[in-house]
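Each reported figure results from applying straightforward, stated rules to the coordinates on display, with no laboratory input. It should be emphasised that the depicted structure is a prediction, and the values quoted were computed from it without experimental measurement. Using ideal geometry, Cβ is built from the backbone for each residue, glycine included, and neighbour counts are taken over all protein chains shown.
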Amino acid sequence: MGEKYMIKTIKGLIVAAIISAFSFATYAADSRKPTRIPVHNWSSQIVMAYVIGGILTDHMGQNVEYVPADTQAVYESIRIGDVDISHEVWQSAFGKSFDTARDAGGLLDWGDHEARTLEDMGYPNWVVDKGLCPGLPSWEALKSADCAKNFVTPDSDGKGRMLEGPQTWHGDLIPQRIDALGLGDLWTVKFAGSADALWAELAAAEKEGRGTIIFNWTPNFTDGAGFTFIDFPPYTDGCRPADGGDGKCGSPDGYLKKAVNENWTKSHPDAAAMFKKLSFTTGQIGAMAAYVDTDKMTHQDAAKEWLKKNKKVWKKFLK
Ligand code: TMO
């Protein structure tokens, strides 16, 4: 192997270094300080954290840090500058905490994703196919004792059981609603410890041939998989007990919002411009979740795969 080859290789390396320096040079305005991205406890949120982190590091030459964060307290953390962004503010679960932080100053509304959201109780379609609760998806079907008895579990005191998500997501919103609608004698609400426990319940109930009602949301991996949300009385502003209402209402047709720390938009103007443009559809977010919950990939691998398959989507967010 000759000197010529060595020189060629070195030349190649220099050219590569110059090209990569130029491709990041357009983002030189931003601070080298890592953008702190929160990580919560449902799949699309975690995958999207790595998707955004991947865009910032691999394509904008920036630094990021992933911060495990409480799903309600995170908005105050962003307001005071302990976390920089939030990429999935779900209206039903977190709208109130978001509003409180925004009104106190320091946290900015950074726009909505194209996807709309619904977070509510529902059931896999085989529950109705098996005749376990005629009348669904109307909530009034739940008034029937013949329905409730098909949802009894060993821990439910002879009542039908509904499985809510982790209590940090909505506190006692669902138990309050069940009582407010006069369903408390027939139904009891238990809380799952994790999102995975909800999916495990779907599998267990199907195997045991008993009915199941769980908390779920869209966009999610279940969007194309035969899951139906219960039609509760419509949501109206102020209908929830936390907002002074009687609680006899379902969840809103909600936004999926982004939020940022105000100072971060000044220290990281290019990242902030990218994040403002960033918007995903129901299908794109459902796919992020499906890589993990259906295909059993790690969140990091799911994000890499998503970025690889959706270059046209995210390149539009870059300048
Ligand atoms: C906030 N969540 C997507 C779990 O409803």
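Residue-wise HN-Hα couplings along the range 290-298, as the Karplus relation 6.51 cos²θ - 1.76 cosθ + 1.60 with θ = phi - 60° gives them from phi, are 5, 4, 8, 7, 9, 8, 6, 7, 6 Hz; Gly and Pro carry x. How much of the DSSP beta bridge set in the chain is antiparallel, as a percent to the nearest 5? Once the DSSP bridges in the chain are tallied, antiparallel ones form about 60 percent. Over the Cα atoms of the range 40-85, Rg to Rh with Kirkwood Rh, two decimal places? On the Cα set of the range 40-85, Rg over Rh gives 0.99. Note on the chain: GNM, Cα springs under 10 Å; of Pro38, Pro234, Pro252, the largest mean-square fluctuation is that of Pro234. Positive contributions from Lys and Arg (+1) and negative ones from Asp and Glu (-1), summed over other residues with Cβ under 14 Å from the Cβ of Gln91, come out at -3. The convex hull defined by the C-alpha atoms of the range 118-243 has an orientation-averaged projected area of 7.4 nm². From helices alone, the chain scores -12000 deg cm²/dmol at 222 nm; the rule is -39500 (n - 2.57) for each run of n ≥ 4 DSSP H residues, then divide by the residue total.
Under conditions of 4 °C and 1.567 mPa s, the range 188-319 yields 71 µm² s⁻¹ as its translational diffusion coefficient, taking Rh as the Kirkwood radius over Cα pairs in the Stokes-Einstein equation. Of the residues Ser251, Ser77, the one with the fewest other Cβ atoms within 10 Å heads the list, and the complete ranking is Ser77, Ser251. From least to most packed, judged by other beta carbons within 10 angstrom and beginning with the fewest, His59, His87 follow the order His59, His87.
Here's how it looks for Val152: its modeled amide H is under 5 Å from those of Arg161, which are all 5 or more places away or on a different chain. Between Ile80, Ile37, Ile213, the Gaussian network model of the chain with springs among Cα atoms under 10 angstrom shows the greatest mean-square fluctuation at Ile80.
Scoring 46-57, 239-250 by mean Cβ neighbours within 10 Å over their residues and listing the highest first yields 46-57, 239-250.
Normalise the Debye intensity by I(0) for the chain, one equal point scatterer per Cα, no solvent, then take log10 at q = 0.07, 0.08, 0.13 Å⁻¹ and round to two decimals. One equal scatterer on each Cα of the chain leads to -0.34, -0.44, -0.96. Remark on Gly245: its backbone amide H falls under 5 Å from those of Arg240, a criterion applied only to residues 5 or more positions apart or on other chains, H modelled at 1.01 Å from N. Summing charges over neighbours of Glu305, with a neighbour being any other residue whose Cβ is under 13 Å away from its Cβ, gives +3 when K and R count +1 and D and E count -1.
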